[in-house]
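Novice: Could you have a look at this structure, given as structure tokens, before my questions?
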Amino acid sequence: MELRKIASFQVDHTRLERGMYVSRIDGDVTTYDIRMKKPNAEPVLSNAAIHSIEHLVATFLRSSELAGGVLYFGPMGCRTGFYLLVRGVSGADSIRLVREAFEFLASYDGPLPGASEAECGNWRDHDLAEARSEAASYAPILAGYTEAMLSYDR
């Protein structure tokens, strides 16, 4: 078998900035690149912060008015951000939803959803304070964001 060069490896990560991008469109499913860190230039997200961001943002997205269109929210292996997969959600609504999720996380001061031994496979590895700090740093990036800004080539 010959290994193909996948789409995300064809993005020039030396030019990529923090932001939100359309990573790919497969039929009616859009994958967004939620890039929280400039690749190879900033310290990456810690595993504990990633884990807490994933728990809270995924819960927020699946509790929103657009929950029916949210298919997946999860971390990138490189630890510079997340992927969001949606169906039937416009680019403008996706931007608004992600911005609202990170604004919510930045000020969240309650129990972390799904962070018990019965609910999570690694329940001890969370850092809500760091997740809030990372969200507070990222949310302003999406202020004023438009659909035209969702392209890697902008």
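The values are calculated or read from the model by the stated rules, or taken from the named source; none is laboratory data. Small disclaimer: the values here were computed from a predicted structure and weren't measured. As a convention, Cβ positions derive from the backbone with ideal geometry for all residues, glycine included, and neighbour counts pool all protein chains shown.
Novice: Among Arg24, Arg15, Arg62, Arg4, which is in a strand (DSSP E or B) and more than 12 Å from the chain's Cα centre (by Cα)? Don't jump to the end; show me each part of the working.
Specialist: Numbers: Arg15 fails: in a strand (DSSP E or B); Arg62 fails: in a strand (DSSP E or B); Arg4 fails: in a strand (DSSP E or B).
Residue meeting the stated conditions: Arg24.
Novice: Any residue at all in the range 15-26 that's farther than 19 Å from Ala148 by Cα, at pLDDT 95 or above and not acidic (Asp, Glu)?
Specialist: For the range 15-26, residues farther than 19 Å from Ala148 by Cα, at pLDDT 95 or above and not acidic (Asp, Glu): absent.
Novice: Go through the range 1-38 residue by residue and tally those that are out of contact with any strand residue (DSSP E or B) (no Cβ under 9 Å at 6 or more places or on another chain) and closer than 26 Å to Ser133 by Cβ.
Specialist: The number of residues fulfilling the criteria is 2.
Novice: Being of a type in the set (A, V, I, L, M, F, W, C) and surrounded by fewer than 18 Cβ atoms within 10 Å (Cβ to Cβ) is the filter here; which residues of the range 57-84 pass it?
Specialist: Step one: of the range 57-84, the residues of a type in the set (A, V, I, L, M, F, W, C) are 57-58, 60-61, 66-67, 70-71, 73, 76, 78, 82, 84.
Matches in the range 57-84: Leu66, Ala67, Leu71, Cys78.
Novice: Now for a separate question. Given the residues Asp109, Asp93, which is the only one that is among the acidic types (Asp, Glu) and closer than 19 Å to Asp28 by Cα? Quick ask: steps written out before the conclusion?
Specialist: Numbers: Asp109 fails: closer than 19 Å to Asp28 by Cα.
Just a single option satisfies the conditions, and that option is Asp93.
Novice: I've got another one for you. Of Ala48, Ala92, Ala41, which residue is part of a loop (DSSP other than H, G, I, E, B) and out of contact with any strand residue (DSSP E or B) (no Cβ under 6 Å at 6 or more places or on another chain)? Working first, answer last.
Specialist: On the way: Ala48 fails: part of a loop (DSSP other than H, G, I, E, B); Ala92 fails: part of a loop (DSSP other than H, G, I, E, B).
Criteria check complete, one pass: Ala41.
Novice: Let me ask something additional. Only one residue in Ser137, Ser116 is among the hydroxyl-bearing types (Ser, Thr, Tyr) and surrounded by fewer than 14 Cβ atoms within 10 Å (Cβ to Cβ), so which one is that? Steps first, answer last, please.
Specialist: On the way: Ser137 fails: surrounded by fewer than 14 Cβ atoms within 10 Å (Cβ to Cβ).
Result of the check over Ser137, Ser116: Ser116.
Novice: Only one of Leu84, Leu128 is farther than 11 Å from Ser52 by Cβ and either under 12 Å from the mean Cα position of the chain (by Cα) or modelled with pLDDT of 95 or more (or both). Can you tell me which? Give the derivation first.
Specialist: On the way: Leu128 fails: farther than 11 Å from Ser52 by Cβ.
From the options Leu84, Leu128, the qualifying one is Leu84.
Novice: Would you tally the residues in the range 66-86 being closer than 13 Å to Val98 by Cα, in contact with a strand residue (DSSP E or B) (Cβ under 8 Å, 6 or more places away or on another chain) and hydrophobic (A, V, I, L, M, F, W, C)?
Specialist: Number of matching residues: 7.
Novice: Any residue in the range 22-32 that is aliphatic (A, V, I, L, M), farther than 20 Å from Tyr152 by Cβ and in contact (Cβ under 8 Å) with a residue 24 or more places away in the chain?
Specialist: No, the range 22-32 contains no residue that is aliphatic (A, V, I, L, M), farther than 20 Å from Tyr152 by Cβ and in contact (Cβ under 8 Å) with a residue 24 or more places away in the chain.
Novice: Those residues that are outside any loop (DSSP other than H, G, I, E, B) and in contact with a Lys or Arg (Cβ under 8 Å, 6 or more places away or on another chain), I need them from the range 117-146; list them, please.
Specialist: First, the residues of the range 117-146 that are outside any loop (DSSP other than H, G, I, E, B): 128-142.
Once the filter is applied, which keeps residues that are outside any loop (DSSP other than H, G, I, E, B) and in contact with a Lys or Arg (Cβ under 8 Å, 6 or more places away or on another chain), the range 117-146 yields Tyr138, Ala139, Ile141, Leu142.
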